[in-house]
Structure formats: C-alpha cells, structure tokens
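One structure is given here, and the rest of the page talks about it.
The values are calculated or read from the model by the stated rules, or taken from the named source; none is laboratory data. Everything quoted here is computed from the prediction, not taken from an experiment. Every residue, glycine among them, receives a Cβ derived from its backbone with ideal geometry; neighbour counts consider all protein chains shown. When the accessible area is computed, the model is the full protein with side chains, heavy atoms only, and any ligands, DNA or RNA have been set aside. Shrake-Rupley method; radii C 1.70, N 1.55, O 1.52, S 1.80 Å.
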Amino acid sequence: MTFLKKLDSPLGLISLASDGEALTGLWLEGQKYFAAGLEAETVEQAELPVFQQAAAWLNAYFSKEELPPLPSLAPKGSVFRQRVWAHLLEIPFGETITYGALTEKLKAAGVSAAPQAVGGAVGHNPISILIPCHRVVGADGSLTGYAGGVAKKRFLLELEGADVSKLYIPKKETAL
C-alpha cells in the first residue's frame, strides 16, 4: 500500500509518497515520470510521521534555514539506479556536478557506468529535491535533464546559492 500527501511549495504542489515508514516518492506537479512506480492501492492525504519530517525539511529548505536530518528514504529502482541516487546524496548543498564527473565517481566506486545510463538514473530519481538530482548539469553548463523542468532546476540551484552564472537553459528542454 502507498500513502500520499500533497504540500504547497514555492514550486507549486508537491506530492509525497510513502510505504508507511519511509519516503518513496516526491514529485513536482506535472513533472515527467510523475508518480512513477506507485502501487495501485493508495491512501490519499495520509498523516504519517515521515510526511511531517519531509514537510519540516522542505519548509526549512525553501526558507533557507538550517536543514533538519532527511526523513527515511526508500526510492524504488534497480541496483544501478540505487547506486546513482546514493551518489546524488553526496553532492554538497549549493554545488553542481556534471553527468560525466558523476559517471567517473561511480566508476571509481566500482560501478560500471556510461553517461547515458547515469543520466537516465538521475532523470528517473523518484524523490526529487531531497535526493538532489537538480545539482547535476551538462558538461557545457546546460541545465539539462530535470524531470521537473529546467526553470525549476535553476530556481533550486539559485535557492541553494550555487553559482549559476555559467549555466544556461537550453533552447529545448531535455528531461531524460
């Protein structure tokens, strides 16, 4: 069974999903792959401790306050995607990394990876914002590959104080 909760945010409506213990999804309204992997049986607007923890984290994040610990996270995906998402959690707040550099970090950790596969895993991250896929950018400085849209990706990076002066929004959005 999946439990759902909707929250308002500066980016619009956010949908949270949980298995009852951990957060299994966080999507921006209308993003690509919205609610991917949800079970057919769901309980909407559930009140769970993990939703309270996620809401507290998001409120602190959007208010630029000190962040509390992340709630328990349990994204569903292949072993490869799990490894990529674990590496996303290591990207420091307010910093960016390229898809190529992320691929090299995975290889250094013993994970056989190609940039396209890494891009696919980043793009299919089911727990947006908390697992910071928005911190991954193109080698040429393009804000590419964000399922929530590149304008929202830029907003998140600016909110974190990342140097976006050399980053640009491509003419054609490319959510992987």
**Asked** Which of the residues spanning segment 149-163 are modelled with pLDDT under 90 and open to solvent by 20 Å² or more (accessible area, probe 1.4 Å)?
**Response** Ala151
**Prompt:** Considering only residues of segment 146-162 that are in a loop (DSSP other than H, G, I, E, B) and under 26 Å from Ser18 (Cβ atoms), which is farthest from the chain's Cα centre (by Cα)?
**Reply:** Glu160
**Asked** What pairs can you find where one residue is in segment 59-79 and surrounded by 10 or more Cβ atoms within 10 Å (Cβ to Cβ), the other is in a loop (DSSP other than H, G, I, E, B) and charged (D, E, K, R), and their Cβ atoms are less than 7 Å apart, with a gap of 6+ or different chains?
**Response** Ala60/Glu66; Ser72/Glu21; Ala74/Asp19
**Request:** Restricting attention to segment 114-135, report how many residues are out of contact with any helix residue (DSSP H, G or I) (no Cβ under 8 Å at 6 or more places or on another chain), in a helix (DSSP H, G or I) and crowded, with 16+ Cβ neighbours inside 10 Å.
**Result:** 0
**Message:** What's the total number of residues in segment 136-148 that are within 14 Å of Tyr168 (Cα to Cα) and crowded, with 21+ Cβ neighbours inside 10 Å?
**Reply:** 6
**Request:** Could you please give the count of residues in segment 22-65 that are at pLDDT below 95, of a type in the set (Asp, Glu) and over 17 Å from the mean Cα position of the chain (by Cα)?
**Result:** 4
**Item:** Residue ID - farthest from Tyr61 (Cα to Cα), chosen from residues in segment 82-97 that are open to solvent by 30 Å² or more (accessible area, probe 1.4 Å) and either of a type in the set (Gly, Ala, Ser) or assigned to a loop (DSSP other than H, G, I, E, B) (or both)
**Value:** Ala86
**Prompt:** Considering only segment 98-113, how many residues are of a type outside the set (Asp, Glu) and surrounded by fewer than 18 Cβ atoms within 10 Å (Cβ to Cβ)?
**Reply:** 10
